[in-house]
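Before any comments, here is the structure.
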Protein chains: 2
Amino acid sequence: MAEIIHRVGIAGSASEIYKALITDEGLSRWWTADTSGAGDVGSIIKFRFDGGGPDFEVVERKADSIVRWKHCGEMPGPWIGTEVSFQLRSEGGQTYVLFAHSNWKEPSDFMAHCSTKWAVFLVSLKEAIETGKGKPFPDDIHIDHDV
Amino acid sequence: MAEIIHRVGIAGSASEIYKALITDEGLSRWWTADTSGAGDVGSIIKFRFDGGGPDFEVVERKADSIVRWKHCGEMPGPWIGTEVSFQLRSEGGQTYVLFAHSNWKEPSDFMAHCSTKWAVFLVSLKEAIETGKGKPFPDDIHIDHDV
């Protein structure tokens, strides 16, 4: 199994970052403006990018500490069976977000693309918290001229 | 062994991207302004960030196609034994850079930090080629308030 991992240190509290991971409004500020369904464990979040996009079921939530999703639905294909987690850890004046997108069957060009794109969106999360303005889709930084 | 992979699609030729990977001047435009020693296979490139930083030996170079480095020296510790590669592939109007930082002994918080930071620098490479101005150290985007 292959895995994408990232870490960003954000000048903000674990509590405000946690909120940006568990509500439609919060997720819309940094990943995609078209987010719906976020809620308690068992809820299914629909992230849409120009109509299409992944669904994730919330499988774990611990206030100000961890959020874990399991991919559900059929697209994108290589994401089937994968999980995403965000762990929060405050240290000094910042909160680290430890991110993982796990259980990829194998590394691929598409996984490499997603790795870079997750980094771009995590920097967007950081900016959303620190400056009030992230870069969610459709205002995201493009890393592929065909997508 | 753990691995970081990334991919960016750049509106530029493989030839100009290759040049940004094999010369001090090119590398200084997107990774760190303090780069010296780049040259043929066997040369050792010193990348410096406020004085310290890694050395890499060039172990493979194929024009407009691949560049591969092997870490040498003692720092940062977790990079000992690791390799970095850039594969270039032109497709349509863009050139993909497939990046890998391989042979990490194990995943870690530091590896997660490096994964995000490599993405930031690969976007810097993209901007250097597409707009003429990247964000190499010391003008890089910070992702940790302690570093």
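Which strands (runs of 3 or more DSSP E) sit wholly inside region A:1-115 and have at least 3 residues that are surrounded by 15 or more Cβ atoms within 10 Å (Cβ to Cβ)? Of the strands (runs of 3 or more DSSP E) lying wholly inside region A:1-115, those with at least 3 residues that are surrounded by 15 or more Cβ atoms within 10 Å (Cβ to Cβ) span A:2-10, A:44-48, A:55-62, A:66-72, A:83-91, A:94-104.
Being at pLDDT below 95, part of a loop (DSSP other than H, G, I, E, B) and not aliphatic (A, V, I, L, M) is not true of A:Asp139. Only one entry in B:Gly73, B:Gly92 is facing another protein chain (nearest Cβ under 8 Å) and at positive phi, namely B:Gly92. Every listed requirement among (1) touching a helix residue (DSSP H, G or I) at 6+ places or on another chain (Cβ under 6 Å); (2) over 30 Å from A:Ile129 (Cβ atoms); (3) charged (D, E, K, R) is met by B:Glu57 save one, (1). Scoring A:Gly12 on the criteria (1) more than 14 Å from chain B (Cβ to nearest Cβ); (2) touching a residue at least 40 places away in the same chain (Cβ under 8 Å) leaves a single failure, condition (1). Within region B:100-142, if we keep just the residues that are in contact with a helix residue (DSSP H, G or I) (Cβ under 6 Å, 6 or more places away or on another chain) and at the interface with chain A (Cβ under 7 Å from one of its Cβ atoms), the residue that is farthest from B:Glu60 (Cα to Cα) turns out to be B:Ile141. Of all residues in region A:25-82, those that are among the small types (Gly, Ala, Ser) and within 23 Å of A:Trp104 (Cα to Cα) total 7. Considering only residues in region B:116-132 that are more than 20 Å from A:Thr131 (Cβ to Cβ) and touching a residue at least 40 places away in the same chain (Cβ under 8 Å), the one that is most open to solvent (accessible area, probe 1.4 Å) turns out to be B:Glu130. Condition test on B:Phe47, is it in contact with a strand residue (DSSP E or B) (Cβ under 6 Å, 6 or more places away or on another chain), within 22 Å of A:Ser115 (Cα to Cα) and modelled with pLDDT of 95 or more? No. Of note, A:Ala119 satisfies the criterion of being touching a Ser or Thr at 6+ places or on another chain (Cβ under 6 Å) and either in a helix (DSSP H, G or I) or modelled with pLDDT under 95 (or both).
The values are calculated or read from the model by the stated rules, or taken from the named source; none is laboratory data. Predicted model only: the values in this text are computed from it and were never measured. Positions of Cβ are backbone-derived with ideal geometry, glycine not excepted, and every protein chain shown enters the neighbour counts. Accessible surface areas use protein heavy atoms only, side chains included; no ligands, DNA or RNA. Shrake-Rupley method; radii C 1.70, N 1.55, O 1.52, S 1.80 Å.
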